[in-house]
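S.K.: One structure is given below, represented as structure tokens, and several questions about it will come after.
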């Protein structure tokens, strides 16, 4: 598994979660198995360009969006960490401003206690 496979897999996960779609729903739209989607999202399998295009269409995004890593173009030091950050980011983007504020306060309180304790 290369870093690019992990980065693209993370992007697929991030966009899918932003669109509030399950792996099963995406798999059905793309006409692949749920396991195939799971393997792509984990960076274990790399989709063909044709499959990437189908995924982009199913998620209603441009194909190029899966290759926009922003500051992540540098080599990823901890792939699992970056994947978890992508999941959190995708989840937070589904919340409204008030919910994000509450989530921030809760996380700050939880992790503040962990650091003190």
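S.K.: Keeping to segment 1-34, report how many residues are crowded, with 19+ Cβ neighbours inside 10 Å and more than 21 Å from residue 94 (Cβ to Cβ).
M.R.: The qualifying residues number 4.
S.K.: Of all the residues that make up segment 2-56, how many are in a loop (DSSP other than H, G, I, E, B) and on the phi < 0 side of the Ramachandran plot?
M.R.: 11
S.K.: List the pairs whose first member sits in segment 73-93 and is outside any helix (DSSP H, G or I), whose second member is surrounded by 11 or more Cβ atoms within 10 Å (Cβ to Cβ) and modelled with pLDDT of 70 or more, and whose Cβ atoms are under 8 Å apart, counting only residues at least 6 apart or on separate chains?
M.R.: From residues that are outside any helix (DSSP H, G or I), the pairs are 75/3; 76/3; 76/6; 76/7; 76/82; 93/18.
S.K.: Starting from residues that are part of a helix (DSSP H, G or I) and either within 12 Å of residue 14 (Cα to Cα) or touching a strand residue (DSSP E or B) at 6+ places or on another chain (Cβ under 8 Å) (or both), keep the ones in segment 57-72 and report whichever is modelled with the highest pLDDT.
M.R.: Residue satisfying both the conditions and the ranking: 59.
S.K.: Another question, then. Do you know which residues across segment 2-55 are over 12 Å from the mean Cα position of the chain (by Cα) and within 16 Å of residue 69 (Cβ to Cβ)?
M.R.: 2, 3, 4, 5, 46, 52
The values are calculated or read from the model by the stated rules, or taken from the named source; none is laboratory data. Owing to the predicted nature of the structure, the values given are computational and were not obtained by experimental measurement. Heads up, the Cβs are rebuilt from the backbone with ideal geometry, glycines too, and the neighbour counts pull from every protein chain shown.
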